[in-house]
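Worksheet: one structure, shown below.
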Amino acid sequence: MHSLNWSVPLRLALAVASVLPWLAFGQTNAPAAAGVSLLPGKGANLFPAGCNGEQTAPLGNYWDGVDADNDLHVTGGNSPVLNDAGRMVDTTMSSCPNFVDMNGDGLNDLVVSDTQGFLWIYTNSGEKGKPRFTTGTFVPTFIGWGAKIHICDWDGDGDNDVLFGTFYGDIGILENKGTRNQWLFTRRMGIPRYVDPTYGVDDPKDRVPVLMLGKQTMILGNYMSPWMTDWNKDGKPDLIVGEGTYSANSVRLLLNAGSRGKPLFLEDRMFYLCYGEGFEQLTPAVVDYNGDGLSDLIVGTRTGQIRLHKGTRKAIEGKDMVAAIRGTLAPAVLEFDGFVKIADKEVFGVMAFVYPCDWNEDGLFDLLLGSTKGKVYIAVNQGSRTEPKFPKAEPVKGTDTEKDMLAPAAWFGGIGRVFWENFIGGYCNSALLFSAEKELVLRAGGQPIRPVDGSYFMYFRYVHNYPGWTRNSLHYIMQLSSSSAPHVPGGRVIAPSGPLPLQIKRQYEFSFSSVIEGKPVTWSLWAHEIVKEGTENTAPVWEDRRISDTISPSGAWQKRTYRFKCPNTVQSNLNYNLFFRMPEGDVKFLLDNLSLKEIER
């Protein structure tokens, strides 16, 4: 049933002058529609054709941790990486797999971090030497965009914890609060814990602890990649960290000056273990590569090469042995020994993350590989203990249960990333889908909902009961009226990527049809106008221009119509952006038949 057209009172908000946000999209379903060179005439729909919801793009549904090819596949995304020109460039990051026993059944399971800050656990249902996986379980907590992980018993209590490195340089510890047989990483898993040191969390007790260097937070670079190992064989866990900083990178060793259960790291026990030599995004792992009884280092890199640094006895021979064990002697810097080849190639995939393990339990180490596709690969060692060989790498298989979908083309779908002080719907991760649908039954036994017009309507919702957390006050859209908290669960933003050109003093009509389950959704047309041009000595003066209102819930399609005068005050023509802001908490939002037209001249 479709309701009659109706009009509502309009709230017009002209915000104070501010800085244009730097919008960082975690996922847009298709390239932005081309800019409009000529302003459409009266009565024409100002929405670019690609934003009407009728054009679609493939949407991989990976919320079971498996894709349509039955390959293990976690969600992906980009993070800012400093390039050789000194600019932060959005760069696709890699999945990070580990192979450890998470439930005490004697079989190693897969733990994978994705680029959006989720952990995924795939329980091994196979047998010794023959791993088998079906679907993955995502752990609803945030460890940072592009975080690198190492699963280890950090505190010596017999269960596996998560050591993770971040873009900002912190190394966090997600302690297992459960047992060896049943993991539980935190008691309040939905609360944002590690996002950005600048913003913190609402309750300091919820913050994930980070490693210290003496009395200061351990900050050695950015995109730190940690690995725990007893490097000097004194029975205590030491820390190896790879650095992602451009051109100033290295792998460092920090020898434990504390105890087995309470590691302590000091600046005078931190040493260079190997140098990046021009390679960046270093991800180290420890393995006896050539079977000589010494620990070697293999290091993934941004460009995809896996560097081998062979271990040496130099630091533990003769008179230096005691000093080396005590951690007061600098170990020998490991020399580069060549690249590890996978499938006879020096580069299997960029942003290399490699994890040595005995996959098939034949006594030879194999290599698990992350990828920028979000998949996980295994390269089985078909060489010997002294001469390993990896002639091929194959995707690890699972069972696809949540099928792929279609998404509205040229729309931002709600997954966003913190980018300095500005936000586009994202503070910490959320589990969501934004899809194009031909038919939908919202409630069991209910009538199917079909498009108001055309073949598709748009559908936003959270999945797995996890809306994540968002910064409440967003620069370009008003704070949620339902909450004054700094951060709220849910609160995501969806937006078409095409510009909406409005002319000064003209009258417009904005309309659409919607169905909402949950609290009201807010829409906003927003632009940034120059009201005073800059000079050689002064910066230009900007002011926000905004038209917005709230959409009340309804169980069936309801037409919404709003009329307003363009709020420009100086510029004759100004491109506006449209945002739909979701409410706090769970919501289901259906949208169709978008229109923005000039109605008077």
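The values are calculated or read from the model by the stated rules, or taken from the named source; none is laboratory data. On a predicted model such as this, the values are computed, not experimentally measured, just so you know. FYI the Cβ positions are ideal-geometry reconstructions off the backbone, even for glycines, and counts take in every protein chain you see. Quick note on the areas: whole protein, heavy atoms, side chains included, nothing else; ligands and nucleic acids left out. Shrake-Rupley method; radii C 1.70, N 1.55, O 1.52, S 1.80 Å.
Annotation: of all residues in the range 481-521 being under 12 Å from Tyr576 (Cβ atoms) and modelled with pLDDT under 90, the one that is surrounded by the fewest Cβ atoms within 10 Å (Cβ to Cβ) is Pro499. One residue is enough: does the range 311-330 have a residue meeting the conditions open to solvent by 70 Å² or more (accessible area, probe 1.4 Å), within 36 Å of the chain's Cα centre (by Cα), among the charged types (D, E, K, R) and modelled with pLDDT of 75 or more? Taking every residue of the range 311-330 in turn, none turns out to be open to solvent by 70 Å² or more (accessible area, probe 1.4 Å), within 36 Å of the chain's Cα centre (by Cα), among the charged types (D, E, K, R) and modelled with pLDDT of 75 or more.
Val570 meets the conditions (1) in a loop (DSSP other than H, G, I, E, B); (2) at pLDDT 95 or above; (3) of a type in the set (A, V, I, L, M, F, W, C) in every case but one. The failed one is (2). Among residues of the range 380-395 that are open to solvent by 90 Å² or more (accessible area, probe 1.4 Å), those with a Cβ under 9 angstrom from a residue that is among the basic types (Lys, Arg), sequence gap 6+ or separate chain, pair up as Gln382/Lys389; Gln382/Lys392; Lys389/Lys341. Within the range 203-216, the residues that satisfy the criterion of being outside any strand (DSSP E or B), open to solvent by 50 Å² or more (accessible area, probe 1.4 Å) and of a type outside the set (D, E, K, R) are Pro204, Pro209. Within the range 447-480, the residues that satisfy the criterion of being open to solvent by less than 40 Å² (accessible area, probe 1.4 Å) and assigned to a strand (DSSP E or B) are Ile449, Phe457, Met458, Tyr459, Phe460, Arg461, Tyr462, Thr470, Leu474, Ile477.
Contact map, the range 571-596: residues that are on the phi > 0 side of the Ramachandran plot paired with residues that are modelled with pLDDT of 95 or more and among the hydroxyl-bearing types (Ser, Thr, Tyr), Cβ distance under 8 Å, separation 6+ or inter-chain. Pairs shown: Asn593/Ser511; Asn593/Ser513. Among the residues of the range 54-106, those identified as open to solvent by 50 Å² or more (accessible area, probe 1.4 Å) and either within 30 Å of Glu127 (Cβ to Cβ) or not in a strand (DSSP E or B) (or both) are Glu54, Gln55, Tyr62, Ala68, Asp69, Asn70, Asp84, Ala85, Gly86, Arg87, Asp105.
The residues listed here are Pro496, Pro467, Pro448, Pro520; of these, the one that is over 30 Å from Asn45 (Cβ atoms) and not hydroxyl-bearing (Ser, Thr, Tyr) is Pro467.
Would the range 46-53 turn up any residue that is surrounded by fewer than 16 Cβ atoms within 10 Å (Cβ to Cβ), modelled with pLDDT of 90 or more and within 25 Å of Gly454 (Cα to Cα)? No, the range 46-53 contains no residue that is surrounded by fewer than 16 Cβ atoms within 10 Å (Cβ to Cβ), modelled with pLDDT of 90 or more and within 25 Å of Gly454 (Cα to Cα).
Among the numbered conditions (1) open to solvent by 20 Å² or more (accessible area, probe 1.4 Å); (2) over 27 Å from the mean Cα position of the chain (by Cα), the only one that Ile219 does not meet is (2).
The number of residues in the range 141-175 being in a strand (DSSP E or B) and of a type in the set (Phe, Trp, Tyr) comes to 1.
Ser113 falls short on exactly one of the conditions (1) at pLDDT 95 or above; (2) within 30 Å of Pro496 (Cα to Cα); (3) more than 17 Å from the chain's Cα centre (by Cα); (4) crowded, with 23+ Cβ neighbours inside 10 Å, and that condition is (3).
If you go through the range 543-570 and keep only what is open to solvent by less than 40 Å² (accessible area, probe 1.4 Å), of a type in the set (S, T, N, Q) and either under 32 Å from the mean Cα position of the chain (by Cα) or closer than 12 Å to Val521 by Cα (or both), you end up with Ser548, Ser554.
Each residue in the range 271-285 was checked for being surrounded by fewer than 20 Cβ atoms within 10 Å (Cβ to Cβ) and either of a type in the set (D, E, K, R) or not in a loop (DSSP other than H, G, I, E, B) (or both), and 4 of them qualify.
Quick check on the range 404-425. Is at least one of its residues in a loop (DSSP other than H, G, I, E, B), open to solvent by 10 Å² or more (accessible area, probe 1.4 Å), at pLDDT 95 or above and over 30 Å from Lys597 (Cβ atoms)? Yes, some residue in the range 404-425 is in a loop (DSSP other than H, G, I, E, B), open to solvent by 10 Å² or more (accessible area, probe 1.4 Å), at pLDDT 95 or above and over 30 Å from Lys597 (Cβ atoms).
Within the range 522-540, being open to solvent by 40 Å² or more (accessible area, probe 1.4 Å) and not in a strand (DSSP E or B) holds for Glu533, Thr535, Glu536, Asn537, Thr538, Ala539, Pro540.
If you go through the range 355-364 and keep only what is buried (at least 24 other Cβ atoms within 10 Å of the Cβ) and either touching a Gly at 6+ places or on another chain (Cβ under 7 Å) or aliphatic (A, V, I, L, M) (or both), you end up with nothing.
Quick check on the range 233-251: of everything there that is open to solvent by 20 Å² or more (accessible area, probe 1.4 Å) and among the polar types (S, T, N, Q), which residue is nearest to the chain's Cα centre (by Cα)? Checked the range 233-251; the qualifying residue nearest to the chain's Cα centre (by Cα) is Thr245.
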